[in-house]
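Here the structure comes first, spelled out in C-alpha coordinates, and everything after it is commentary.
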Amino acid sequence: MFHQLDVADPSSAACLADFIKHKFGKLDILINNAGILGVTYQFDDDSDLDKQLEGKNANVTMEWWVQQTFFSGDELKEELNDVDKLSEERLDELAELFVDDFKNGELESRGWPAKGNGFVAYKASKVLLHAYTRVLARKHVPSLRVNCVHPGYVKTEMTRGTGDLTVEEGAAGPVTVALSPPGGATGVFFFRTEPASFV
Ligand SMILES: NC(=O)c1ccc[n+]([C@@H]2O[C@H](COP(=O)([O-])OP(=O)(O)OC[C@H]3O[C@@H](n4cnc5c(N)ncnc54)[C@H](OP(=O)(O)O)[C@@H]3O)[C@@H](O)[C@H]2O)c1
(Lines give C-alpha, C1' and ligand atoms only; values in the text may rest on other atoms or scores of the structure.)
Protein backbone atom coordinates (compact mmCIF):
# COMPACT_ATOMS: atom_id res chain seq x y z
CA MET A 1 0.00 0.00 0.00
CA PHE A 2 1.36 3.41 -0.93
CA HIS A 3 0.90 6.84 0.68
CA GLN A 4 2.69 10.03 -0.31
CA LEU A 5 4.79 11.82 2.33
CA ASP A 6 6.96 14.92 2.42
CA VAL A 7 8.88 14.69 5.71
CA ALA A 8 9.69 18.42 5.49
CA ASP A 9 5.98 19.31 5.55
CA PRO A 10 4.27 18.80 8.96
CA SER A 11 0.79 18.70 7.38
CA SER A 12 1.92 15.89 5.06
CA ALA A 13 3.28 13.92 8.06
CA ALA A 14 0.02 14.50 9.97
CA CYS A 15 -1.94 13.27 6.95
CA LEU A 16 0.05 10.00 6.83
CA ALA A 17 -0.27 9.53 10.61
CA ASP A 18 -4.02 10.00 10.32
CA PHE A 19 -4.20 7.50 7.46
CA ILE A 20 -2.27 4.86 9.45
CA LYS A 21 -4.36 5.43 12.56
CA HIS A 22 -7.64 4.94 10.71
CA LYS A 23 -6.48 2.12 8.46
CA PHE A 24 -4.42 0.03 10.93
CA GLY A 25 -4.98 1.53 14.39
CA LYS A 26 -1.23 1.63 15.13
CA LEU A 27 2.23 1.55 13.64
CA ASP A 28 4.67 -1.22 14.56
CA ILE A 29 7.85 -0.09 12.83
CA LEU A 30 8.97 3.21 11.30
CA ILE A 31 12.16 3.48 9.26
CA ASN A 32 12.86 7.16 8.74
CA ASN A 33 14.99 6.80 5.61
CA ALA A 34 14.42 10.09 3.76
CA GLY A 35 17.54 12.17 3.36
CA ILE A 36 19.21 14.72 1.13
CA LEU A 37 22.79 15.96 0.91
CA GLY A 38 21.40 19.42 1.64
CA VAL A 39 23.90 21.49 -0.30
CA THR A 40 23.86 21.96 -4.06
CA TYR A 41 27.28 21.95 -5.63
CA GLN A 42 27.66 23.81 -8.87
CA PHE A 43 30.57 22.82 -11.06
CA ASP A 44 31.11 23.49 -14.75
CA ASP A 45 30.63 19.78 -15.15
CA ASP A 46 30.06 16.95 -12.69
CA SER A 47 33.61 15.64 -12.66
CA ASP A 48 34.70 17.19 -9.33
CA LEU A 49 31.86 15.65 -7.36
CA ASP A 50 32.38 12.32 -9.09
CA LYS A 51 36.06 12.47 -8.12
CA GLN A 52 35.21 13.22 -4.48
CA LEU A 53 32.83 10.29 -4.37
CA GLU A 54 35.27 7.95 -6.12
CA GLY A 55 37.96 8.95 -3.61
CA LYS A 56 35.60 8.10 -0.77
CA ASN A 57 34.80 4.76 -2.30
CA ALA A 58 38.36 3.56 -1.81
CA ASN A 59 38.64 4.74 1.79
CA VAL A 60 35.31 4.39 3.53
CA THR A 61 35.69 2.80 6.94
CA MET A 62 33.99 3.55 10.23
CA GLU A 63 37.10 5.45 11.27
CA TRP A 64 36.89 7.56 8.10
CA TRP A 65 33.29 8.46 8.88
CA VAL A 66 34.05 9.35 12.48
CA GLN A 67 36.93 11.59 11.42
CA GLN A 68 34.93 13.15 8.62
CA THR A 69 31.64 13.55 10.36
CA PHE A 70 32.41 14.88 13.76
CA PHE A 71 33.46 18.15 15.12
CA SER A 72 36.35 20.50 14.87
CA GLY A 73 35.89 21.49 18.55
CA ASP A 74 35.00 19.74 21.81
CA GLU A 75 32.29 21.91 23.38
CA LEU A 76 29.53 21.12 20.92
CA LYS A 77 30.54 17.46 20.84
CA GLU A 78 30.28 17.25 24.62
CA GLU A 79 26.90 18.96 24.62
CA LEU A 80 25.51 16.54 22.01
CA ASN A 81 26.87 13.59 23.97
CA ASP A 82 25.23 14.65 27.21
CA VAL A 83 21.88 13.02 26.57
CA ASP A 84 20.59 13.69 30.10
CA LYS A 85 20.75 17.44 29.50
CA LEU A 86 19.65 17.48 25.85
CA SER A 87 16.09 18.31 24.84
CA GLU A 88 14.18 18.53 21.56
CA GLU A 89 14.02 22.32 22.00
CA ARG A 90 17.81 22.56 22.39
CA LEU A 91 18.33 20.42 19.27
CA ASP A 92 16.04 22.79 17.32
CA GLU A 93 18.12 25.71 18.60
CA LEU A 94 21.34 23.98 17.56
CA ALA A 95 19.93 23.35 14.06
CA GLU A 96 19.13 27.07 13.76
CA LEU A 97 22.56 27.92 15.13
CA PHE A 98 24.15 25.72 12.47
CA VAL A 99 22.35 27.67 9.72
CA ASP A 100 23.43 31.01 11.22
CA ASP A 101 27.02 29.81 11.65
CA PHE A 102 27.00 28.51 8.06
CA LYS A 103 25.81 31.89 6.75
CA ASN A 104 28.29 33.81 8.90
CA GLY A 105 31.28 31.60 8.04
CA GLU A 106 31.65 30.52 11.69
CA LEU A 107 31.26 26.76 11.44
CA GLU A 108 34.76 25.77 12.48
CA SER A 109 35.13 28.37 15.22
CA ARG A 110 31.91 27.04 16.80
CA GLY A 111 33.13 23.44 16.46
CA TRP A 112 30.90 22.12 13.66
CA PRO A 113 32.39 19.63 11.18
CA ALA A 114 35.01 21.39 9.10
CA LYS A 115 33.69 22.96 5.91
CA GLY A 116 36.76 22.04 3.87
CA ASN A 117 35.78 18.36 3.98
CA GLY A 118 32.48 19.03 2.17
CA PHE A 119 28.88 17.98 2.87
CA VAL A 120 28.75 20.02 6.08
CA ALA A 121 24.95 20.44 6.16
CA TYR A 122 24.54 16.70 5.64
CA LYS A 123 26.95 15.88 8.45
CA ALA A 124 25.38 18.38 10.84
CA SER A 125 21.91 16.96 10.09
CA LYS A 126 23.12 13.42 10.86
CA VAL A 127 24.91 14.49 14.04
CA LEU A 128 21.72 16.19 15.26
CA LEU A 129 19.67 13.17 14.24
CA HIS A 130 21.94 10.88 16.27
CA ALA A 131 21.41 13.13 19.28
CA TYR A 132 17.66 13.29 18.64
CA THR A 133 17.55 9.49 18.51
CA ARG A 134 18.85 9.32 22.06
CA VAL A 135 16.51 12.07 23.28
CA LEU A 136 13.52 10.21 21.80
CA ALA A 137 14.72 6.84 23.10
CA ARG A 138 15.01 8.21 26.64
CA LYS A 139 11.61 9.93 26.42
CA HIS A 140 9.72 6.84 25.25
CA VAL A 141 11.34 4.06 27.24
CA PRO A 142 9.97 1.38 27.63
CA SER A 143 7.06 1.75 25.16
CA LEU A 144 9.16 2.54 22.08
CA ARG A 145 12.67 1.66 20.97
CA VAL A 146 14.45 4.30 18.88
CA ASN A 147 17.80 3.69 17.18
CA CYS A 148 19.75 5.07 14.24
CA VAL A 149 21.72 3.17 11.67
CA HIS A 150 24.53 4.07 9.31
CA PRO A 151 23.93 1.65 6.43
CA GLY A 152 27.53 1.73 5.14
CA TYR A 153 28.52 3.27 1.83
CA VAL A 154 25.76 2.18 -0.54
CA LYS A 155 25.26 2.37 -4.30
CA THR A 156 22.24 4.69 -4.51
CA GLU A 157 21.30 7.90 -6.27
CA MET A 158 22.77 9.89 -3.39
CA THR A 159 26.24 8.41 -3.99
CA ARG A 160 25.72 8.32 -7.74
CA GLY A 161 26.13 4.57 -7.65
CA THR A 162 29.69 4.79 -6.25
CA GLY A 163 29.06 2.95 -2.96
CA ASP A 164 30.76 -0.35 -2.20
CA LEU A 165 27.55 -2.03 -0.95
CA THR A 166 24.47 -3.04 -2.92
CA VAL A 167 21.13 -1.58 -1.82
CA GLU A 168 20.23 -4.99 -0.34
CA GLU A 169 23.46 -5.06 1.70
CA GLY A 170 22.86 -1.47 2.83
CA ALA A 171 19.28 -2.24 3.84
CA ALA A 172 20.43 -5.14 6.06
CA GLY A 173 21.39 -2.73 8.89
CA PRO A 174 18.09 -0.82 9.25
CA VAL A 175 16.01 -3.97 8.69
CA THR A 176 17.97 -6.05 11.24
CA VAL A 177 17.67 -3.31 13.87
CA ALA A 178 13.97 -2.73 13.12
CA LEU A 179 13.22 -6.45 13.49
CA SER A 180 15.25 -7.00 16.66
CA PRO A 181 13.20 -8.78 19.32
CA PRO A 182 11.48 -7.03 22.24
CA GLY A 183 13.89 -5.93 24.95
CA GLY A 184 16.57 -5.08 22.37
CA ALA A 185 18.66 -1.95 21.99
CA THR A 186 17.30 1.58 22.28
CA GLY A 187 19.12 4.91 21.86
CA VAL A 188 21.94 3.11 20.06
CA PHE A 189 23.89 4.13 16.95
CA PHE A 190 24.58 1.14 14.67
CA PHE A 191 27.13 0.91 11.89
CA ARG A 192 25.43 -1.58 9.58
CA THR A 193 24.28 -4.30 12.00
CA GLU A 194 26.74 -3.64 14.82
CA PRO A 195 26.44 -1.10 17.69
CA ALA A 196 29.03 1.66 17.26
CA SER A 197 30.16 4.53 19.41
CA PHE A 198 28.70 7.97 18.76
CA VAL A 199 32.04 9.83 18.80
N1 LIG B 1 23.90 5.82 0.31
C2 LIG B 1 24.78 5.87 1.32
O3 LIG B 1 25.98 5.50 1.19
C4 LIG B 1 24.34 6.36 2.68
C5 LIG B 1 25.30 6.37 3.70
C6 LIG B 1 24.91 6.81 4.97
C7 LIG B 1 23.60 7.21 5.19
N8 LIG B 1 22.70 7.20 4.16
C9 LIG B 1 21.34 7.66 4.45
O10 LIG B 1 20.41 6.68 4.00
C11 LIG B 1 19.17 7.32 3.65
C12 LIG B 1 18.77 6.88 2.25
O13 LIG B 1 19.74 7.41 1.34
P14 LIG B 1 19.93 6.90 -0.14
O15 LIG B 1 21.40 6.67 -0.30
O16 LIG B 1 18.97 5.81 -0.45
O17 LIG B 1 19.60 8.25 -0.91
P18 LIG B 1 18.71 8.54 -2.20
O19 LIG B 1 18.96 7.49 -3.22
O20 LIG B 1 19.00 9.95 -2.56
O21 LIG B 1 17.25 8.39 -1.63
C22 LIG B 1 16.74 9.33 -0.71
C23 LIG B 1 15.28 9.10 -0.53
O24 LIG B 1 14.78 10.11 0.36
C25 LIG B 1 13.55 10.57 -0.16
N26 LIG B 1 13.29 11.95 0.28
C27 LIG B 1 14.09 13.03 0.14
N28 LIG B 1 13.49 14.12 0.65
C29 LIG B 1 12.27 13.71 1.10
C30 LIG B 1 11.18 14.37 1.71
N31 LIG B 1 11.20 15.69 1.98
N32 LIG B 1 10.10 13.62 2.06
C33 LIG B 1 10.05 12.31 1.81
N34 LIG B 1 11.05 11.62 1.21
C35 LIG B 1 12.15 12.32 0.86
C36 LIG B 1 13.72 10.51 -1.66
O37 LIG B 1 12.43 10.44 -2.24
P38 LIG B 1 12.19 10.93 -3.75
O39 LIG B 1 12.96 10.02 -4.61
O40 LIG B 1 10.72 10.84 -3.90
O41 LIG B 1 12.73 12.33 -3.80
C42 LIG B 1 14.49 9.20 -1.84
O43 LIG B 1 13.62 8.10 -1.91
C44 LIG B 1 19.44 8.84 3.75
O45 LIG B 1 18.96 9.30 5.00
C46 LIG B 1 20.97 8.91 3.69
O47 LIG B 1 21.45 10.09 4.30
C48 LIG B 1 23.05 6.78 2.91
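The values are calculated or read from the model by the stated rules, or taken from the named source; none is laboratory data. Since we're looking at a predicted model, the values are computed, not measured. No Cβ is skipped: glycine too gets one built from the backbone with ideal geometry, and neighbour counts run over all protein chains shown. Heads up: the accessible areas ignore ligands, DNA and RNA and are worked out on the full protein's heavy atoms, side chains in. Shrake-Rupley method; radii C 1.70, N 1.55, O 1.52, S 1.80 Å.
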Subject >> Net +/- balance of residues flanking V154 in space, Cβ distance below 11 Å, scoring K and R +1, D and E -1 >> reply: -2
Original post:
Can you list residues whose amide H is under 5 Å from F190's amide H, if they're 5+ apart or on another chain and H is modeled 1.01 Å from N?
Top reply: C148, V149, H150, A196
Subject >> Net charge over other residues, Cβ less than 11 angstrom from the Cβ of G187 (K, R count +1; D, E count -1) >> reply: +4
Original post:
How much accessible area does T159 have with a 1.4 Å probe, in Å² rounded to the nearest 10?
Top reply: 20 Å²
**OP:** Ignoring everything but the protein chains, give the 1.4 Å probe accessible area of C15 in square angstrom, nearest 10.
**Re:** 70 Å²
Original post:
So how exposed is R160, as accessible area in Å² (1.4 Å probe, rounded to 10)?
Top reply: 100 Å²
Original post:
Quick one: which of K23/K155; K21/K123; K77/K139; K103/K155; K126/K155 span more than 28 angstrom between C-alpha atoms?
Top reply: K23/K155; K21/K123; K103/K155
**OP:** Could you please state how large a percent of the accessible area of segment 95-199 is carbon and sulfur, counting protein chains only and using a 1.4 Å probe?
**Re:** 59 percent
